[in-house]
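Reading through the structure tokens given below for one structure.
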Amino acid sequence: MLIIHNPLHSLHRGRQEMFRGRLVPCHEQPDRLEFILEELRARRQHELQAPGEADMAVVRRIHTTPYLDFLTNAWSEWVALDPANAELDVLPSIAPVRSFRTDVLPTNFAARVGRYSFDTGSPLMAGTWAAAQSGAACAIDAARAVARSSSGGRRAAMALTRPPGHHAGADFYGGYCFLNNSAIAAQALLDAGAKRVAVLDVDYHHGNGTQSIFYERADVLTVSLHGDPMTEYPFYLGYADETGAGAGAGWNLNLPMPGGTAFAVWKEALDAALRRISEGGAEALVVALGLDTFEGDPISSFKLTSADYLRMGEALAAAGLPTVFVTEGGYAARELGVNVANVLEGFEA
Ligand code: Q9C
Ligand code: ZN
């Protein structure tokens with residue numbers, strides 16, 4: 001498979017995230033992607049490429065200009081407050097909830113960090129913007145390689161990148177995500193001529209950013225399989241009664257499952273998701289490929305085994321659609337390589 005991998009990913013290297021009242025080492029680390037690259041190279045059947053420049057016109061159809069401006073300038077603003085900040089990551093210290101005003105954008109930097117983020121687990125640092133932008137370029141290039149498939153291009157391609165993207169919305173970051181690579185891939189497929197695209201999110205966590213971006217649109221069907229938000233992050237979105245709104249009514253499907261879910265039950269949800277995608281008439285598929293459903297994942301509780309990822313790949317291939325894989329979460333770093341490679345091997349079998 002064609003794999004567009006992010007050569008700048010390690011510029012994003014969080015030091016600490018807030019977890020249960022303490023600052024702890026970040027789960028989302030550069031070695032995650034290195035282990036995947038290592039395994040894909042070892043299997044010798046993939047074509048690894050770096051992306052070109054990101055086409056920001058596509059990114060601007062997903063994210064707002066004020067938010068992109070904030071991400072572009074955040075690090076230099078942070079260091080300008082105090083040169084000693086260069087040794088520290090940016091984390092939010094305020095959350096403007098409910099009765100706060102949404103029509104003011106304070107000039108104060110901490111206020112704007114709070115405005116544009118939704119958790120205390122997503123440190124932003126000097127290389128975050130460059131890494132995220134290069135990740136968007138991977139998503140766009142992978143999508144374009146697949147979009148050409150009617151004229152002799154590819155059946156499938158993968159954007160292999162970090163930081164992940166599916167928790168990022170049009171104007172907010174969180175859940176380790178800054179730019180929504182899966183949404184950007186979907187938009188690139190539409191821009192290249194697809195009339196309807198499906199985004200199937202198999203990450204352990206609900207793809208709240210992707211859902212919110214497309215919630216009122218009928219041209220992108222969003223489907224997410226995930227841990228029940230009543231107990232699992234991101235808690236405040238991802239319930240089964242969220243089915244889309246306005247022009248997008250009926251174009252969102254959430255399939256939450258309880259902690260402890262193993263592959264037999266998970267696969268039934270996958271089959272239901274693929275039936276909905278088939279009914280919806282999608283012309284292309286984006287798979288938001290989180291690997292934190294793995295039994296060894298340190299922050300999640302599903303029970304998928306490495307062999308199950310082969311079956312997942314086979315089922316995704318059976319959908320018969322041009323497919324763009326975009327990597328999302330997954331924190332059992334050492335096993336990630338085998339699990340990602342197994343999805344692709346099952347898909348290509
Ligand atoms: N602080 C993705 O998988 N925090 N994001 C969990 C540790 C948030 C996961 C508890 C988990 C976000 C892309
Ligand atoms: Zn996740």
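Tabulated data
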| read-out | value |
| --- | --- |
| Estimated dipole of the chain in Debye, rounded to 20 [Cβ of Lys and Arg +1, of Asp and Glu -1, Cα centre] | 360 debye |
| Helix-only [θ]222 nm of the chain, DSSP H runs n ≥ 4, -39500 (n - 2.57) each, per residue, nearest 500 | -11000 deg cm²/dmol |
| Protection-proxy order for peptides 61-68, 169-176, each taking the mean of Cβ atoms within 10 Å per residue, highest first | 169-176, 61-68 |
| Within the chain, percent of DSSP bridges classed antiparallel, to nearest 5 | 15 percent |
| Segment 38-186: relative contact order in percent, alpha carbon pairs under 8 Å with at least 6 residues between | 27 percent |
| Of G52, V24, L11, farthest towards positive along the dipole that unit charges on Lys, Arg, Asp, Glu beta carbons give segment 1-77 | V24 |
| Dimensionless Rg over Rh [the chain; C-alpha; Kirkwood] | 0.94 |
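Every number here is computed from the coordinates shown, using simple stated rules; none is lab data. Keep in mind the model is a prediction, meaning the values are calculated, not measured. No Cβ is skipped: glycine too gets one built from the backbone with ideal geometry, and neighbour counts run over all protein chains shown.
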